[in-house]
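The values are calculated or read from the model by the stated rules, or taken from the named source; none is laboratory data. All figures in this text were calculated on a predicted structure; none of them were measured in a lab. Positions of Cβ are generated from backbone atoms using ideal geometry, with glycine treated the same way; all protein chains shown enter the neighbour counts.
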Amino acid sequence: MKQQIPTQMAAVLLEGHGGIEKLHYREDVAIPVAGPGEVLIRAAAAGINNTDINTRIGWYSKKVGAATDSGGAGGFDEIDDDDASWSGIPMAFPRIQGADCCGVIAAVGADVDDARIGERAIVRNMLRSYVDYRPFECWTLGSECDGAFAQFTKAPAKETFSVDCDWSDAELASIPCAYSTAENMLHRAAVGAERVLVTGASGGVGSAAVQLASRRGAEVIAVCSESKAAEVQTLGARQVIDRKADPVAALGASSVDVVVDLVAGPAWPGFLDLLKRGGRYVTAGAIGGPLVELDVRSLYLKDLTLIGCTFQQDVVFENLIGYIERGEIRPVVAKTYALREIAQAQQAFLAKQFTGKLVLIPPD
């Protein structure tokens, strides 16, 4: 049954690169219209991710060499707007951010079956429809197109997945960005029943990687703050190392098959020392700092493989839907905030005093 669609909605507009003050909550934003092959989604919840912060502050610009948190609240004094998005393409403002979307399909565009109206669904955050499914190209929901920090958003029908589960909206909204990022790293590194180190293990992607690697039969060693160790162990970590400790001293050199890294920063050289000969290092983030020192001798004398992960094959998100519906994973939602509280929510996100995900809830 078709739903009544208003003409205006509440949304958070990002007006430019910079600090939290660049986010503006408004209630007079025009509701998008689903075009051919698209669906309009009444958003029920939207998770917060590092990419939201990184995009807002222009951290992806090559002029920035610092950790995310150094500019997370106030932005950076100098960035290059031409390369300040993850894709390297200048951002168009105002932009509605939000890579994570859980909601109900409220309307459909041409060439989409009306029967999809009313479906509860999540959106693949790395959108391939808009680039004709070319390898290693994609848009991110909330970056190259408007996202889910709003009451309504639109997305390609083929990349909007119906989900059959008893989870809350906030739980489902925790999946798209964090869990697809984590699953993609494990998929690309072909992780199996082996010894895996996960850095940043209490965050959204890190906690997902702990669960997903454990699901694959891996012996997971998690790196996080001591205060979060117990929570991370409940997600499947066999061992937890304090993030201030030296992992090589704690575990021994050449003792790990795979390093799943989201932090980088000053500790990075030690990760290669940890890896066994023929080991794999895989990354999809650098919140501790993007510039690291590499001794190329470690790379070639140990026959290591370094894997950078952004682009996702279709099977990655499709697998996640199966894991959800079979009850094989369950995200941790630390706290929810009203959409209008986005500034408070992002400040809490930057403080990192939680395990799992923070989620925004738009007004009804």
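Structure values in brief
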{"read-out": "Condition met for LEU274 (more than 20 Å from the chain's Cα centre (by Cα), at pLDDT 95 or above and buried (at least 19 other Cβ atoms within 10 Å of the Cβ))", "value": "yes"}
{"read-out": "The lone exception for VAL256 - which of (1) under 22 Å from the mean Cα position of the chain (by Cα); (2) surrounded by 20 or more Cβ atoms within 10 Å (Cβ to Cβ); (3) not polar (S, T, N, Q) it fails", "value": "(1)"}
{"read-out": "Residue count for region 125-142, restricted to those that are surrounded by fewer than 18 Cβ atoms within 10 Å (Cβ to Cβ) and assigned to a loop (DSSP other than H, G, I, E, B)", "value": "6"}
{"read-out": "Hits in region 41-50 - residues which are surrounded by fewer than 24 Cβ atoms within 10 Å (Cβ to Cβ) and either touching a Phe, Trp or Tyr at 6+ places or on another chain (Cβ under 9 Å) or not in a strand (DSSP E or B) (or both)", "value": "ARG42"}
{"read-out": "Region 313-343: number of residues that are part of a loop (DSSP other than H, G, I, E, B) and either touching a residue at least 40 places away in the same chain (Cβ under 8 Å) or not charged (D, E, K, R) (or both)", "value": "7"}
{"read-out": "Residue identified as touching a helix residue (DSSP H, G or I) at 6+ places or on another chain (Cβ under 6 Å), under 23 Å from ALA267 (Cα atoms) and modelled with pLDDT of 95 or more among ALA189, ALA209", "value": "ALA209"}
{"read-out": "Residue identified as assigned by TED's automatic domain parsing to the domain that holds GLU144, farther than 21 Å from ALA345 by Cβ, modelled with pLDDT of 95 or more and part of a strand (DSSP E or B) among VAL29, VAL104, VAL33", "value": "VAL104"}
{"read-out": "Some residue of region 344-351 being in a helix (DSSP H, G or I), buried (at least 18 other Cβ atoms within 10 Å of the Cβ), not small (Gly, Ala, Ser) and not assigned by TED's automatic domain parsing to the domain that holds ASP164", "value": "no"}
{"read-out": "Region 51-95, residues that are in a loop (DSSP other than H, G, I, E, B), buried (at least 20 other Cβ atoms within 10 Å of the Cβ) and in contact with a Leu (Cβ under 7 Å, 6 or more places away or on another chain)", "value": "GLY72"}
{"read-out": "Tally, over region 215-228, of residues that are surrounded by fewer than 19 Cβ atoms within 10 Å (Cβ to Cβ) and assigned to a helix (DSSP H, G or I)", "value": "3"}
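Results for (1) under 24 Å from LEU14 (Cβ atoms); (2) among the basic types (Lys, Arg), shown as yes or no for each residue.
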{"site": "ARG297", "(1), (2)": "no, yes"}
{"site": "TYR300", "(1), (2)": "no, no"}
{"site": "ILE321", "(1), (2)": "no, no"}
{"site": "THR336", "(1), (2)": "yes, no"}
{"site": "ILE342", "(1), (2)": "yes, no"}
{"site": "ALA345", "(1), (2)": "yes, no"}
{"site": "PHE349", "(1), (2)": "yes, no"}
{"site": "LYS352", "(1), (2)": "yes, yes"}
{"site": "PRO362", "(1), (2)": "yes, no"}
